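Have a look at the structure below before the remarks.
Each reported figure results from applying straightforward, stated rules to the coordinates on display, with no laboratory input. Bear in mind the structure is a predicted one, so any value in this text is a computation, not a measurement. Every residue, glycine as well, gets a Cβ built from its backbone with ideal geometry; the counts of neighbours run over all protein chains shown.
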Number of protein chains: 2
Amino acid sequence: MMRTRPLKVALLGCGVVGSEVARIMTTHADDLAARIGAPVELAGVAVRRPDRVREGVPAELVTTDATALVKRGDIDVVVEVIGGIEPARTLITTAFEHGASVVSANKALLAQDGAALHAAAEEHGRDLYYEAAVAGAIPLIRPLRESLAGDKVNRVLGIVNGTTNFILDKMDSTGAGYQEALDEATALGYAEADPTADVEGFDAAAKAAILAGIAFHTRVRLDDVYREGMTEVTAADFASAKEMGCTIKLLAICERARDGASVTARVHPAMIPLSHPLASVRGAYNAVFVESDAAGQLMFYGPGAGGSPTASAVLGDLVAVCRNRLSGTTGPGESAYAALPVSPMGDVVTRYHISLDVADKPGVLAQVATVFAEHGVSIDTVRQQGKDGEASLVVVTHRASDAALSGTVEALRKLDTVRGVASIMRVEGE
Amino acid sequence: MMRTRPLKVALLGCGVVGSEVARIMTTHADDLAARIGAPVELAGVAVRRPDRVREGVPAELVTTDATALVKRGDIDVVVEVIGGIEPARTLITTAFEHGASVVSANKALLAQDGAALHAAAEEHGRDLYYEAAVAGAIPLIRPLRESLAGDKVNRVLGIVNGTTNFILDKMDSTGAGYQEALDEATALGYAEADPTADVEGFDAAAKAAILAGIAFHTRVRLDDVYREGMTEVTAADFASAKEMGCTIKLLAICERARDGASVTARVHPAMIPLSHPLASVRGAYNAVFVESDAAGQLMFYGPGAGGSPTASAVLGDLVAVCRNRLSGTTGPGESAYAALPVSPMGDVVTRYHISLDVADKPGVLAQVATVFAEHGVSIDTVRQQGKDGEASLVVVTHRASDAALSGTVEALRKLDTVRGVASIMRVEGE
């Protein structure tokens, strides 16, 4: 039954992920052929620096002219693992125009231009798959898009950045401060020299946009995602979290509003109860918790980055796309039929943990409580702790909108008796 | 772009799962149509007892003649949620012969006759999907079959039966004995009046056969799966497990041998370390831990049973199968090309925790240790505890074959100084 003409694959990028994709394509060639129904052949590898030795990649396949490679016309599948917006975007579009399907691991590009790329794929009757773009090896795009296709997803709550989870886990388990934990992450290779994309939540926000789009059948762009980094999280926040039976995670949260008429997507640090399955996700692991009408609560857990895990996701897509080529069909494309509006952060409703430094004198609690009440934010618990004329007041609220909470905090800052707002942390997963 | 002629679905069985499938097909008709690209219509519902009122299922669709329904010729997809071997098997085969694709939730049938059913589907160019057959709502078949299609799975370790996990979790958290925990499970509806299929591991064994087949691209039948129930697990076993930093779970374990040349599949209670992600799977939840070459360690978690969760999985398959019908293609069928031999239980290599009741006198430990050594089973730790002329000896071994361990235990039973073998438990997930 096996077709003998091989399917031709062009690889764009041959770094940590690309070289692993090339390696597995060679070492597991027989398995891939059996699973696809035809052999696959690496037809070209586009790189920026051809002088770097790439073990296992035949020198004659290496080129610096990526554009010529995707224009060859005999390429069945282009695997894009360059990352970034350009030249990846133009190369992918050109690949579709020249008849290739595309497998990409490019979260930034998909989050920014997913709709246009999907449209280009559809126009040319080709596939665009990108399981590796979110949470590395963890099968997530396919389960959301296909396994839950008959269900209604209401919330996606994910730890989708390994670097920040490593740092937060370290702070939690050792009591270390942010900088100390970041230094260790850098030393161990979990954080890049410039960790901005990770610690400021840009990486997670791109993944949130992609997940929200798929989960809600709605276009969600990177700009629609509210983003707050985790560089301000302190050891004191972890101590507060522990007192509440919680830990702190940087979460990507995609939610359908309770009335079902809109969605939100956001990334920020949050307290979650230790009993929540996401609380026990350690080190650089990723996990995504999905809540849907019929299935209930699901969780997907695994390594969110790294050459091999990402290559596993790329190759899973490659097999699917190759099978589609052979049967002359395409897999599910973009599903944006629901077209729900994406609400701003002010509309998000959740609970809050607020630490205030206040004057240690009678009447302060009454003043503070009045401000909350005036803004319609209902208080769940208050804990007061005195020390030398100063006191700290820890308020945990019931569910309230982000706008109401912001108004409350602004008013609190104006109180003479409030010396400062030490921290505001959302409480999720309850 | 929407086709207007609806795809016709025949539902076989309208119990807890079937009625939920029918309900969602009605309430979410617009969403399903948008995701499929054509409306889907419930064309008939075959039941045994038509007198039972089924809310939301139009009476004119109900029939007791399932055979006539699948033979109608205008049915695009047959959804089989009857369970059991017959008449389900004949109905599914007949459905293929009359041009329908099939979505099934029938683990027993798939485990026993999966190969023949896949062959029938392929012969007629139709799909056979069964995500709901293993671990309810948890997307597992699709990720294993598609997302990991470019990877090499080495081990699948799963909690795939919610009833037994509920009982074991209860024993662990309350110190209850097996019978007490079973009674509570029965009272709460987690265990059936006759719990044999669950507590003796038959249900988990069927799922292990299906998972092993997909993971290793090899036919694994129910008869190939070693099976041991969990009715003998005692409160004392949990106490021993705690001393080792472990808990006890009923696990379905599918493994590729270290040399890669054979596979095994088994179901039995086992100790796993509390640090293992499966250890924190509580109540009736299911979770499956997958280890592969490139992806590393993945875990899939969620509700393993229940009407709604199972319906979610059925409907995900229904959407996929309907999309395939529209595009005139079929999804991946059986992949058994690797055809690895399935080794017997004696070849399985793991660690063991053995509790012996022995005479409390000098030389017993030396005798016992000699027996282990003679059978080539290396001891990791021994713990001895005396009480009134009797003593207990707890031995934890290094990795050894099941055959070697069985030989050891047989020889130990013959020692005069060994009064009895209180328990033997495998230690997994390390």
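Please list B:4-12, B:214-222, A:103-111 highest first by mean number of surrounding beta-carbon atoms within 10 Å per residue.
Working: B:4-12: 19.8, B:214-222: 22.3, A:103-111: 25.9.
Descending packing order for the listed peptides: A:103-111, B:214-222, B:4-12.
At a Förster radius of 60 Å, what calculated FRET efficiency corresponds to the Cβ-Cβ distance of B:Ala239 and B:Arg72, to the nearest 0.05?
Working: r = 60 Å, r/R0 = 0.99.
About 0.50, to the nearest 0.05.
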Nonlocal amide H pairs with B:Glu228, under 5 Å, H built at 1.01 Å: B:Val267, B:His268
Positive-end residue, the protein assembly as shown charge dipole about Cα centroid, Cβ charges, pick of A:Gly189, B:His28, A:Gly407: B:His28
Dipole in debye (nearest 20) - chain B, about Cα centre, beta carbon charges: Lys, Arg +1; Asp, Glu -1: 760 debye
Approximate spin-label separation A:Val382-A:Ala403, in nm, with each point projected 7 Å along Cα-to-Cβ: 2.7 nm
Square roots of 5 times each gyration tensor eigenvalue, C-alpha, the range B:345-427, largest first, Å: 21, 12, 11
Amide proton proximity set for A:Ala191, modelled H, under 5 Å, gap of 5+: A:Thr186
Cα-centre dipole for the range B:345-427 with unit charges at Cβ (Lys and Arg positive, Asp and Glu negative), debye to 20: 140 debye
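Other chains near B:134-141: what is the mean number of their Cβ atoms within 10 Å of each residue's Cβ? Mind dumping the intermediate values first?
Values: counts 0, 0, 3, 10, 6, 12, 3, 1.
Whole-number average of other-chain Cβ neighbours for B:134-141 is 4.
Calculate the dipole size of the range B:204-294 relative to its Cα centre from +1 charges on Lys and Arg beta carbons and -1 charges on Asp and Glu beta carbons; express the result in debye to the nearest 20. Show your work: numbers first, answer last.
Values: 10 positive and 10 negative charges, 48 e Å.
That gives a dipole near 220 debye.
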Inter-chain shielding of A:325-337 (mean C-beta neighbours from other protein chains, 10 Å cut-off): 3
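Take peptides B:355-368, B:32-45 and line them up by average Cβ neighbours within 10 Å, highest first, as a rough protection proxy. Don't skip to the answer; put the middle values down first.
Values: B:355-368: 15.6, B:32-45: 20.5.
Ranking the peptides B:355-368, B:32-45 by packing returns B:32-45, B:355-368.
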Per-residue HN-Hα couplings for the range B:17-24 [Karplus 6.51, -1.76, 1.60; θ = phi - 60°; Hz; x = Gly/Pro]: 7, x, 5, 6, 4, 4, 4, 5
Furthest towards positive pole of dipole, A:His398, A:Val358, A:Val418, structure part the range A:345-427, Cβ charges: A:His398
Cα-based Rg / Dmax (Å) for the range B:75-182: 17.6, 55
Inter-copy spacing of A:Lys387 label points, which lie 7 Å from Cα along Cα→Cβ, given in nm from shortest upward: 4.9
Chain A Cβ-axis minimum, rotational copy B, residue and distance in Å: A:Thr329, 2
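Which pairs, out of A:Lys361/A:Lys414; B:Lys361/B:Lys414; B:Lys361/B:Lys387; A:Lys361/A:Lys387, put more than 21 Å between their alpha-carbon atoms? Intermediate values should be presented prior to the final figure.
Numbers: A:Lys361/A:Lys414 17 Å; B:Lys361/B:Lys414 17 Å; B:Lys361/B:Lys387 11 Å; A:Lys361/A:Lys387 11 Å.
Too far apart for the 21 Å limit: no listed pair.
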For the range A:73-125, convex hull of alpha carbons as volume per residue, Å³: 61 Å³
Cα-based equivalent ellipsoid of the range A:259-303: semi-axis lengths in Å, sorted from largest, via gyration tensor: 22, 15, 11
Span per principal axis, largest first, for the Cα atoms of the range B:290-430 (Å): 77, 34, 26
Whole-Hz ³J(HN,Hα) from phi, Karplus 6.51 cos²θ - 1.76 cosθ + 1.60, for the range B:194-202, glycine and proline x: 9, x, 3, 4, 7, 6, 8, x, 5
Distance histogram for the range B:155-203 (every C-alpha pair counted, 5 angstrom bins, percent rounded to whole numbers): 5, 23, 31, 24, 11, 4, 2, 0
Computed over the range B:223-328, Kirkwood Rh from alpha-carbon pairs, angstrom: 16.8 Å
Listed residues B:Ser173, B:Ile214, B:Ala287: farthest to the positive end of the dipole of the range B:147-303 (Cβ charges): B:Ile214
Convex hull per residue volume in Å³, alpha carbons only, for the range B:147-303: 108 Å³
Karplus-derived HN-Hα couplings along the range A:276-290 (A = 6.51, B = -1.76, C = 1.60, θ = phi - 60°), whole Hz, x at Gly and Pro: 6, x, 6, 5, 8, 7, 9, x, 8, 5, 10, 7, 10, 9, 10
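Give the percent of DSSP beta bridges with both residues in chain B that are antiparallel, rounded to the nearest 5. Please report the intermediate quantities before stating the final value.
Details: 54 of 77 bridges.
So the antiparallel bridges amount to about 70 percent of the total.
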Cα coordinate range in the range B:1-141, projected on the principal axes (Å, largest first): 40, 35, 32
Percentage of interatomic Cα-Cα distances in the range A:178-262 larger than 16 Å: 63 percent
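List the relative contact order of chain A as a percent without decimals, with contacts defined as Cα pairs under 8 Å and 6+ residues apart.
Details: 925 pairs, mean separation 67.2, N = 430.
Worked out over chain A, it gives 16 percent.
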Chain A - Rg (one decimal) and Dmax (whole number), Cα, Å: 24.2, 85
Shortest-first distances to equivalent copies, position A:Ser335, nm, label 7 Å out along Cβ: 2.2
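For a quick protection proxy, order the peptides A:159-165, A:391-397, A:265-271 by their average other-Cβ count within 10 Å, most packed first.
A:159-165, A:265-271, A:391-397
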Under-5 Å amide H pairs with B:Tyr352, H placed in peptide plane, nonlocal only: B:Thr397, B:Val427
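For the protein assembly as shown, just run the numbers: alpha carbon Rg, then divide by 2.2 N^0.38 Å, N being how many residues it has. Write out the running numbers ahead of the final one.
Values: Rg = 28.6 Å, N = 860, 2.2 N^0.38 = 28.7 Å.
So the Cα radius of gyration is 1.00 times the expected 2.2 N^0.38 Å.
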Cα-Cα over 28 Å, subset of A:Lys170/B:Lys207; A:Lys207/B:Lys207; A:Lys152/B:Lys170; B:Lys71/B:Lys107; A:Lys152/B:Lys8: A:Lys170/B:Lys207; A:Lys207/B:Lys207; A:Lys152/B:Lys170
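Would you mind giving the mean number of other chain beta-carbons within 10 Å of the Cβ of each residue in B:280-291, as a whole number?
On the way: counts 4, 2, 2, 0, 0, 4, 0, 3, 0, 2, 3, 0.
Neighbouring Cβ atoms belonging to other protein chains average 2 per residue here.
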